[in-house]
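Here the structure comes first, spelled out in structure tokens, and everything after it is commentary.
The values are calculated or read from the model by the stated rules, or taken from the named source; none is laboratory data. Computed from a predicted model, the values in this text were never measured in an experiment. Cβ sites come from the backbone with ideal geometry, for glycine too, and all protein chains shown count toward neighbours. For accessibility, only protein heavy atoms count, side chains too; no ligands or nucleic acids. Shrake-Rupley method; radii C 1.70, N 1.55, O 1.52, S 1.80 Å.
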Amino acid sequence: AGLVHSLAVDIAQAMQLLQKESFDLVLLDLGLPDGDGRTVARWMRSRKIQTPIIAVTAAAFEEEKQSALQAGMNDFLAKPIDQRSLRRMLEKHLSHLR
């Protein structure tokens, strides 16, 4: 079975999608054209949206990881993302759906 996905290109579009649809997992880039992905994570958590969030960023510094986790994200993937790392992350956060 394949994965069904939606794509948002900025914070506003991400929030619109999250208000309309329910997701099993959110991959959220920390660097969005209109701001910081942590804004979306805090917004989700303030609305009691408990969907797992994986931060995605090219800045794989420990400070970035910690600030993403503090914003309510559940995990962290550094770019460039290899298939094995992505698969491991999907299995970790979607295993309950089997």
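Odds and ends about this structure:
- Beta-bridge orientation, the chain: approximately 20 percent antiparallel, per DSSP, counting only bridges with both partners inside.
- When every Cα-Cα distance of the chain is counted in 10 angstrom steps from zero, the calculated P(r) takes the values 15, 51, 32, 2 percent.
- Point-charge dipole on Cβ atoms (K/R +1, D/E -1) for the chain, about Cα centre, debye to 20: 380 debye
- For the chain, built as a Gaussian network whose Cα springs stay under 10 Å, the top-fluctuating residue of Lys20, Lys65, Lys79: Lys20
- Accessible solvent surface per residue of the chain, calculated while the other protein chains remain in place, 1.4 angstrom probe, Å²: 66 Å²
- Annotation for region 17-96: GluC sites (Glu not before Pro) lying in DSSP loop with at most 15 further Cβ atoms inside 10 Å of their Cβ are Glu21.
- Theoretical ellipticity at 222 nm over the chain - DSSP helices of four or more residues, -39500 (n - 2.57) apiece, nearest 500: -12500 deg cm²/dmol
- A Gaussian network model of the chain, with springs between Cα atoms under 10 Å, assigns the largest mean-square fluctuation among Ala59, Ala41, Ala68 to Ala59.
- Distance from region 74-90 to region 22-62 (C-alpha centre basis), Å: 14 Å
- Expressed as a whole percent, the accessible surface of the chain that belongs to carbon and sulfur atoms is 51, based on a 1.4 Å probe.
- Among the chymotrypsin sites (Phe, Trp or Tyr not before Pro) found in region 1-74, those both in a DSSP coil and sparsely packed, with 16 or fewer other Cβ atoms within 10 Å of their Cβ, are Phe23, Phe61.
- Listed residues Ala59, Pro33, Gln83: farthest to the positive end of the dipole of the chain (Cβ charges): Gln83
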